[in-house]
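What follows is one structure encoded as structure tokens, with my remarks underneath.
The values are calculated or read from the model by the stated rules, or taken from the named source; none is laboratory data. Only a predicted model underlies this, so the values are computations on that prediction, with no experimental measurement involved. Neighbour counts run over all protein chains shown; Cβ positions are idealised from the backbone, glycine included. Please note that ligands, DNA and RNA were not included when accessible areas were found on the heavy atoms of the full protein model with its side chains. Shrake-Rupley method; radii C 1.70, N 1.55, O 1.52, S 1.80 Å.
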Amino acid sequence: MGDARIIPFDGSAGGSRGPAGRGARRQNRTPRQGAAPGGNEAYEDDIPVRERRRTVRSGARANVRAIGAVPEPDGDSSARRDGGAAPGGGTGLGALAGALGGLVGGAARGLADGLAGPGWEDKAADRLAFVRRRITGDYEVDEFGFDEELTDALIMSLLRPLYEKYFRVEVRGMEHIPDKGGALIVANHSGTLPLDALMTQVAVHDHHPESRNLRLLAADLVFQMPLVGQVARKSGHTLAHPADAERLLSHGELVGVWPEGYKGLGKPFKDRYKLQRFGRGGFVSSALRTGVPIVPCSIVGAEEIYPMIGNVRTLARLLGVPYFPVTPTFPLLGPLGLLPLPTRWHIEFGEPIRTDSYPSQTADDPMVVFNLTDEVRETIQHTIYRVLMQRRSVFF
């Protein structure tokens, strides 16, 4: 920047501050245009500086208002903020630039509202706050590693397009899931990959009045896989073990189990919608010990996403997996064959089967456990047949 010029406190640019100095300066001044001859002439320098600024500023604002600029500001502080009343309409150009900037900013905000929807500023602020908490470690997990904030903000957001747009899941019977307290949801398993469990988790989270989190019981293989096991823990999954299930149920959690296991998940396409054996009924024993209701859940549409027409058992043993599926698209199309078929899904929750009326010691009674297991299985099977009869198409 250039050297600043020091202005004396009386507003003059130099010379004497006394009466003699003022008289000497007055000799070289010319009368103001329109002043009466003789007597006390009115000079340009006699007009106060503030009054001269106001005169120029008023003319500039008149020009700006004529083209639709902002309303006239009050007081002299506005003129000083705009850089003073420079000759040639400098104030008017500054106001015009401000008005154009406001128009551009308003258009940009309108475009952002149209693309991201109303309230995008609050959403962006929430996301930034979420990132800050993840970086600083300011979040909570329970004893099983469940991170509720991460599940709501990220995991559900990633699964929701698959649920809503790709599989177009229809849900019924959500009123049968209790608003609070423990409950055990038991569902059929199918589809080669366990997408049915994830879609059920989204259904409960998004459609239940209390947006409850469904804690899934998963096989050991899930937690042995890199990254997959960590994400499963963060989203509330835990080992399919009676001790873990009973601890969650006793704490009032909503637990989901798929008792067919790999037998249902990897069954051939020709056996679709034929339920396999429900294990030894361990889930029923857990429900009896904790006194929670059992909610049957029937899933239709998952069987057709990966039609399994073959199983390479030798390769499965080498890879350490329960089966190596062969479908019409995999491994023929390579990675593209991993894309599931866009079938239309139906998930229906049945009326709960109460267990609190049984004595606690019946959890070790094999006949009671078998009868309840068979009741749950038959309920799910009959519901599947009914939904299949009502379904118009696999894809629509």
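Could you look at the range 268-394 and say what percent of its accessible area is carbon and sulfur, using a 1.4 Å probe and all protein chains?
Carbon and sulfur: 59 percent of the exposed surface of the range 268-394.
Taking only protein heavy atoms and a 1.4 Å probe, what accessible area per residue, in Å², does the range 112-257 have with all protein chains in place?
So the range 112-257 comes to 51 Å² accessible per residue, rounded to a whole number.
No solvent, one uniform scatterer per C-alpha: report log10 I(q)/I(0) for the range 262-396 via the Debye equation at q = 0.10 1/Å, two decimals.
These q points yield log10 I(q)/I(0) values of -0.46.
Applying a 10 Å radius around every beta-carbon, put 221-231, 339-349 in order of their mean neighbour count, most first.
339-349, 221-231
Evaluate the distance, in nm, between pseudo-label points positioned 7 Å from the Cα of LEU339 and of LYS270 along their respective Cα→Cβ axes.
Distance between label points: 3.0 nm.
If you add up the charges near ASP179, with Lys and Arg at +1 and Asp and Glu at -1, over every other residue whose beta carbon is less than 12 angstrom from its beta carbon, what do you get?
My count for the surroundings of ASP179 gives 0.
Using 30 Å as the Cα-Cα cut-off, could you pick out the over-long pairs in LYS234/LYS274; LYS165/LYS234; LYS180/LYS270; LYS165/LYS270; LYS180/LYS267?
LYS234/LYS274; LYS180/LYS270; LYS180/LYS267, as the Cα separations exceed 30 Å there.
Summing Lys, Arg as +1 and Asp, Glu as -1, what charge do residues with Cβ under 13 Å from the Cβ of PHE370 carry, PHE370 excluded?
Once positives and negatives cancel, what remains is -2.
If you place +1 on the Cβ of every Lys and Arg and -1 on the Cβ of every Asp and Glu, how big does the dipole about the Cα centre of the range 157-248 come out, in debye to the nearest 20?
220 debye
Could you rank the peptides 265-271, 295-301 by their average count of other C-beta atoms within 10 Å per residue, with the highest value first?
Listed from highest to lowest mean packing, they are 295-301, 265-271.
Using only Cα positions of the range 228-339, each an equal point scatterer, no hydration layer, compute I(q)/I(0) via Debye at q = 0.16, 0.18, 0.22, 0.23 Å⁻¹ and quote the log10 values to two decimals.
Normalising to I(0) and taking log10 leaves -0.94, -1.09, -1.27, -1.30.
So what is log10(I(q)/I(0)) for the range 151-272 at q = 0.18, 0.21 1/Å, when the Debye sum runs over its Cα atoms only?
-1.04, -1.42
So for the range 301-348, Kirkwood radius off the Cα pairs, Stokes-Einstein at 10 °C and 1.306 mPa s: how many µm² s⁻¹?
D, rounded to a whole number, is 135 µm²/s.
Among GLN230, VAL257, ALA243, whose Cα lies farthest out toward the positive end of the dipole of the range 229-273, if unit charges sit on the beta carbon of Lys, Arg (+1) and Asp, Glu (-1)?
Comparing the listed Cα positions along the dipole, GLN230 ranks first.
Quick one: net charge around GLU260, please, counting Lys, Arg +1 and Asp, Glu -1 for every other residue with C-beta under 10 Å from its C-beta.
+4
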